[in-house]
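As structure tokens, the structure follows; a few thoughts come after it.
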Amino acid sequence: MGIPKFFRWISRTRYPNSIFTSIFAYVDHLFGKIKPKKLFFMAVDGVAPRAKMNQQRSRRFRAAKEARELRQKAEAKGEKLPEEKAFDSNCITPGTPFMARLSEQLKYFVNKKISEDSNWRDVQVVLSGHEVPGEGEHKIMEYIRLSRSQPDYDPNLRHCLYGLDADLIMLGLLSHDPHFCLLREEVKFGPTRKSRGNSSLDSINFYLLHLSLFREYLHLEFNSLATELPFEYSLERIIDDFVLLAVFVGNDFLPNLPDLHIHENGLEKLFEVYKKVLPTMEGYINDAGTINLPRLQFILDEMAQWEVDVFEKENSDTNWYKGKQAKYKNGATPKTNELVITKPQHDIFRAVRDWLMAKPTKALTMPNDFPAKDRLFILTIARDLNLSLAWDEYDEEGRNILSFSPAYPEDAFDDEEQEAQVAVLRVLRKYEKAPIDGGEEDFDTRATNALSHKMDEWKRGYYSGKLEFSYDDPEQMQKLVYRYVEGLQWVMYYYFTGVKSWAWFYDYHYAPRISDLSSKARWGGEGGIGRRGIAQLSFDFKLGQPFRPYEQLMGVLPAASKDHIPTAYHDLMTSSMSPISDFYPADFEQDLNGKRADWEAIVKIPFIDEKRLLAAMSTKEHLLTDTEKQRNTFGTTTKFTFRGLNVEPTEYPSSLPGFFPPLHRCMCKMEVFNLPTLDPDLNFPLVTGLVEGALTGPSALSGFPSLNTLPHTHTALGYHHVNVHGSESRNQSVIVYVKNTYEERKTEDIGREVLGNRTFIGWPFLSEGLVVGVSDELFRYETVKVGTPGRGTEKVLGTPHSQSGLGLWKVKADKIEGVYSKRFGVVTGPVEVLLHVRPLKGLKRLEDGSLVKEYEGIDKETEVAVQMTVSAVGAEDPRYLERPAPPLSEEFPEGSKIFFLGEHAYGVAAQVSATTDTSLSVILAFFPSDKAENAQFKAIAQEQTPSSASYYPAFRAAEMLGLSSRGIARITSSFLIISSDNQKHNIGLNIKFEAKSLKVIDYSRKEGRHWEFSEKAIKLIKEYQEAFPDVFKCLDINVDGMLRAVDVLPGANPDARVKDIRSWLKSKGVQDFEAVTLFCDQLGKETITQIEKLADDFNGNRSTTGIKKAIVKGIPRQAVLKPAHAIYRLQGQRFALSDRVIMVQDSGGVPLGAKGVVVGLNTKTMDVVWDMPFMSGTTLGDRCSQYRGLAVEFNSCLNLSDPQFVTSTNPKDQKQPLPVNHAAPFKPRSGPYPLDVARLCGGIMALKLNLDYKTCNIKQRLRRLVALRKFV
């Protein structure tokens, strides 16, 4: 992982101490998301190449300027600024004290995790800190690149790279490992982007970008070339060329070519040119990082014509020439099948004709400076005349030439070869008779000359305004072109093989015009002749050495961030007498240069002169302290591994004495990590392209999607208006048309084939499910047992839809088709058959220790179009493979940590002391007072929890406020009005959401079908009513659509009053309200404080002498819980607020065996305040003390207040433990609050009716349905 965005998240805390715990929590969170199995590589940016430092310098100067301007604006408004100094993100630069401390803290953190967290023990952890030169992502890619070249490399190794930089996509692609994905946070757009809301780690959404899919889409984009190329089509080479083309739209090292912006279809245009020109060449452009410049010249020559088109659009005079030309031309348009050639093409033909008629003995050569149109003509005439072509030859002066050679026998024109001679002459006559397009040559010449003259003036303005030198200066222009193309080659070397030169950088703020890179460039007048074009350029990169850390700091930081640099250098940045004071301007120009966002602007600050910088710094080095001198050196990468269970632990000192405790039982080993090497004697070269044995497409490993798991009728590139980030795309998309292999088959026949079998849904991100039903627009088919119990047979029977079900089925089918089409650019065809599928829930551990698959219940059943399901996959997901029970001694080795599930010591921590073939002996350790203490926690919560009287039904709250039922419903929801500029404004309180089944804790809740509001909510509504009474007067107005501001807020300037209302709502915190599912609930802050105090009191009165131990022998395996089994055994466990819990998983942020109290219930997690603080702890959104809270999954803890897995300790009793006192399993969800079925139906569950359609025959089913109907 590189470490970009999480610094933004942690910077909300205050340096120096709490920021490190935030970093630890974020890294641990990422580890839990990725779940690495072999290697976890943390790479922090070290000193970067000079080419990157230019961008780093620009970002930091802009950040300092923006911070200064914001501070000045706040002071001008009289706002009071915080007394403490704000966190300066510029400290996140190699060589600063902060980064040095961070390295030490990360080493401490990894030692702690490997010693305490089982998930970290089987993984090799590598830390490359700021003291190791190189960008973080490139350190990782160097490791991957070198590993791929080792003889024992696994070609199907899975990679997950974390980061937000778009460069990671390119780096992942050029690794050519198909099992590569990128993890990144959700990028939000629009109003949600600015909303702070819940900033906890659990609230961050992460996404995986699968490069396996990206590779396939690139193939679909370019596979039309396969039949056009005169050489072998290779997706791997296409990918390499794609990476090169993408540099033209700009990256961290080079600016974009003018007018070529990615948001204005720059890549799309490059693709068009590439697909047009590649068939006219003899190979690809990019050879594993080495650019073929003559071939790249063809691309640039074609792009130059595009720049002419751009210029024409910006200059209306050229349209006048086109209009005049249309008036002068006469004659009919040639037929589409008639050969028409231009005058230059006619000249080419005459040269070929004369050469052929002279019975050639050697090749015909011509300068290879033809435009794409003429190159296509040359290919055509060579094919018609059966001639061989060579494009990449050079004459004695080094100029690129093409050559024609005969591809027929030397005696083809002898008398006996009359047939061949006649064929050649026939072709020559065809070209001789072809009409020449160019009758208005004089006019075209004048128009072209006028256009060229205007373009030259246009360029003169560009170069003088942007680059501050003359377009007519051949020396300056040649240097600019050379440096840009040299930069292209440097970037390709950097991406493919690593740093080629630490010192090289592009020393211009702008790129040359595209046409000035062409072989027919006009810059420099006569002085530029012989220098134009890039085909003959060559480069000599010197590797050199990276800057030392302080040299980088002085090179990239502004004077405002001087505190991060040793004091000895401060005056070099701030003194007007400094020899390098010009390097640190406070004010500077920022040029958007066609970009849209301020952060994309070009920061026009001076480039660092390395010689001047080093000379100035050398005069201050003697003033550095020993500590500062040490920080200015380079370090090594560190490898961390688990020592082993039978190794004596060591003590690791605290990295932050007084804040972090020493690790008294450290089980981690640290050593220097060396990258794999390339031994030329053993012939280990860098491997390019796919490694032999790599699996792609449907054969790829599980979890790596492929479009090819379903057949396609075809794909197309076109405008499909795919929905991207909430709006329809205006660009072209690759559209996939899926082939329906079930088309024209009877639904009942499909049912017989798939019912009861597994299938894979969610294409192309496949996940397993069980088919329980098949339906069409009229019937739903299911498997039903017919006959007497025990001897019946299964039949597929259809049940007609109800009247309302007919419409519902059509809505679902249309939605599936629409989502695939508009969201994913996939055309499914008509959805005529649906499969009803229950997704795979996971593995369930049986009492004998075996693991079997478990599917979701009817509440999680989902509908899928039959043509979008996959019946079999190439690779099974190893996480969900059923496994037999292992022997007890293997599953519970002596010394294993477990939890006891016996009735009298439920949840007590224990350790295995011995095993037999059928039973275990364990040692329990506990405080005798535990049970009584658990009850006291429950009592506190019950005493502190507000009574139901603090909430009022909606009708009662309306009476208290003098509102109607409609009025209170409207103001507590979203209430949209329209201002005079037709903008929508929400002036509602947003504390209830009926359609989404969401509420706001402490303000609203829903009991059954009725909403209730708290005293806090009623107080807020009353204050709103007093502040803006006009709003409440219109709540009962019945109109179609939304009200207008002028109707709601009469008087002068209603729009201004809308802004006042929005400001008032913001001041009351309404915009920060977090809507949660109706299931969610929380204890109040005061109650949590009392729970913490009670836990502190208990902990303060405990000592190790109070621990009691007991040995229990001969118990079955199901009477104990192993931490690794919690995920399988604790599914469906039920929790309530104030329940006492114990952490039973030995991985994650909470220490094993820690106890706590449930203070919040969410959809997928529960908030717990723990008895003791720990490193990964949080405040639960400022609801508890620092480091005491954390949200955990339900299956990570054992409920001590409500024991649900009590198991007999008798080995002969194999009865499955069942959750007690619960009629239904615990299933938190994001929909409405779970209904108490037993209460609503008056005890209907006592009937124990079995309505399972798979296990009862038709007569039983009908009898039970009649009984149920009569009872209800």
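The values are calculated or read from the model by the stated rules, or taken from the named source; none is laboratory data. Keep in mind it's a predicted model, so treat the numbers as computed, not measured. Quick reminder, even Gly has a Cβ in these numbers, built from the backbone with ideal geometry, and neighbours come from all protein chains shown.
Where residues in the stretch 338-387 are of a type in the set (Gly, Ala, Ser) and modelled with pLDDT of 85 or more, which of them is surrounded by the fewest Cβ atoms within 10 Å (Cβ to Cβ)? Spell out the reasoning first.
Step one: filter the stretch 338-387 for residues of a type in the set (Gly, Ala, Ser), giving 351, 358, 363, 372, 382.
Next, only the ones that are modelled with pLDDT of 85 or more stay: 351, 363, 382.
Details: Ala351: 13, Ala363: 17, Ala382: 17.
Residue satisfying both the conditions and the ranking: Ala351.
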Out of curiosity, is Gln1118 over 30 Å from Lys992 (Cα atoms), part of a loop (DSSP other than H, G, I, E, B) and either modelled with pLDDT of 90 or more or not assigned by TED's automatic domain parsing to the domain that holds Lys844 (or both)?
no
Which residues, counting only those in the stretch 525-548, are crowded, with 21+ Cβ neighbours inside 10 Å and on the phi > 0 side of the Ramachandran plot?
Gly533
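Criterion first (assigned to a helix (DSSP H, G or I), modelled with pLDDT under 85 and at negative phi) does Lys335 satisfy it?
On the way: assigned to a helix (DSSP H, G or I): no; modelled with pLDDT under 85: yes; at negative phi: yes.
Criteria not met by Lys335.
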Do we find a residue being surrounded by fewer than 16 Cβ atoms within 10 Å (Cβ to Cβ) and at pLDDT below 95 anywhere in the stretch 830-837?
no
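Are there strands (runs of 3 or more DSSP E) fully within the stretch 675-765 with at least 1 residues that are in contact with a Gly (Cβ under 6 Å, 6 or more places away or on another chain) and either of a type in the set (Gly, Ala, Ser) or assigned by TED's automatic domain parsing to the domain that holds Leu270 (or both)? List them. I'd like the intermediate steps shown before the answer.
Numbers: elements: 712-718, 733-738, 758-761.
Per the criteria, 733-738.
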Residues that are touching a residue at least 40 places away in the same chain (Cβ under 8 Å) and either part of a loop (DSSP other than H, G, I, E, B) or closer than 30 Å to His714 by Cα (or both): does the stretch 799-813 have at least one?
yes
Candidate set: the stretch 37-57, residues that are surrounded by fewer than 20 Cβ atoms within 10 Å (Cβ to Cβ) and touching a strand residue (DSSP E or B) at 6+ places or on another chain (Cβ under 8 Å); chosen: the one farthest from Asn90 (Cα to Cα):
Lys38
Take the residues of the stretch 838-864 that are over 25 Å from Glu782 (Cα atoms) and either out of contact with any strand residue (DSSP E or B) (no Cβ under 7 Å at 6 or more places or on another chain) or at pLDDT 95 or above (or both): which is surrounded by the most Cβ atoms within 10 Å (Cβ to Cβ)?
Gly849
Report whether or not Thr636 is modelled with pLDDT of 95 or more, surrounded by 12 or more Cβ atoms within 10 Å (Cβ to Cβ) and either in a loop (DSSP other than H, G, I, E, B) or of a type in the set (Asp, Glu) (or both).
yes
Filter the stretch 881-908 down to residues that are surrounded by 14 or more Cβ atoms within 10 Å (Cβ to Cβ) and assigned to a loop (DSSP other than H, G, I, E, B), then give me how many there are.
8
Scan of the stretch 649-673 for residues that are of a type in the set (S, T, N, Q) and outside any loop (DSSP other than H, G, I, E, B), ordered by number
Thr650
In the stretch 1068-1082, is there at least one residue being without any contact (Cβ under 8 Å) to a residue 40 or more places away in the chain and in the same structural domain as Met960 (by TED's automatic domain parsing)?
yes
Is one or more of the residues making up the stretch 646-661 over 30 Å from Phe24 (Cα atoms), touching a residue at least 60 places away in the same chain (Cβ under 8 Å) and surrounded by fewer than 14 Cβ atoms within 10 Å (Cβ to Cβ)?
no
Which of the residues spanning the stretch 80-109 are touching a strand residue (DSSP E or B) at 6+ places or on another chain (Cβ under 9 Å) and under 16 Å from Thr636 (Cα atoms)?
Ser103, Leu106, Lys107
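Yes/no per residue for (1) touching a strand residue (DSSP E or B) at 6+ places or on another chain (Cβ under 7 Å); (2) assigned to a loop (DSSP other than H, G, I, E, B); (3) assigned by TED's automatic domain parsing to the domain that holds Asp369:
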| position | (1), (2), (3) |
| --- | --- |
| Glu475 | no, no, no |
| Leu480 | no, no, no |
| Val491 | no, no, no |
| Tyr494 | no, no, no |
| Trp504 | no, yes, no |
| His509 | yes, yes, no |
| Ser515 | no, no, no |
| Ser519 | no, yes, no |
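Is at least one residue of the stretch 777-794 closer than 30 Å to His219 by Cα, in a loop (DSSP other than H, G, I, E, B), assigned by TED's automatic domain parsing to the domain that holds Thr869 and at pLDDT below 95?
Filtering the stretch 777-794 down to residues closer than 30 Å to His219 by Cα leaves none.
No - not one qualifying residue is present in the stretch 777-794.
If you go through the stretch 102-123 one residue at a time, do you hit one that is among the β-branched types (Val, Ile, Thr) and closer than 30 Å to Met492 by Cα? Walk me through it before giving the result.
Filtering the stretch 102-123 for residues among the β-branched types (Val, Ile, Thr) gives 110, 114, 123.
Right, trim to closer than 30 Å to Met492 by Cα and you get none.
Within the stretch 102-123 (the criterion being among the β-branched types (Val, Ile, Thr) and closer than 30 Å to Met492 by Cα), the answer is no, since none of the residues qualifies.
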Of the conditions (1) over 34 Å from the mean Cα position of the chain (by Cα); (2) assigned to a loop (DSSP other than H, G, I, E, B), Phe1174 clears all except one; give me its number.
(1)
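Please determine whether any residue of the stretch 1050-1070 is within 29 Å of Ile987 (Cβ to Cβ), touching a Cys at 6+ places or on another chain (Cβ under 9 Å) and surrounded by 12 or more Cβ atoms within 10 Å (Cβ to Cβ).
From the stretch 1050-1070, those within 29 Å of Ile987 (Cβ to Cβ) are 1050-1070; that's our starting set.
Checking the rest, the ones that are also touching a Cys at 6+ places or on another chain (Cβ under 9 Å) come to none.
Among the residues of the stretch 1050-1070, not one is within 29 Å of Ile987 (Cβ to Cβ), touching a Cys at 6+ places or on another chain (Cβ under 9 Å) and surrounded by 12 or more Cβ atoms within 10 Å (Cβ to Cβ), which makes the answer no.
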Quick check on this structure: which one of Trp502, Trp523 is within 30 Å of Gly134 (Cα to Cα) and touching a residue at least 12 places away in the same chain (Cβ under 8 Å)?
Trp502
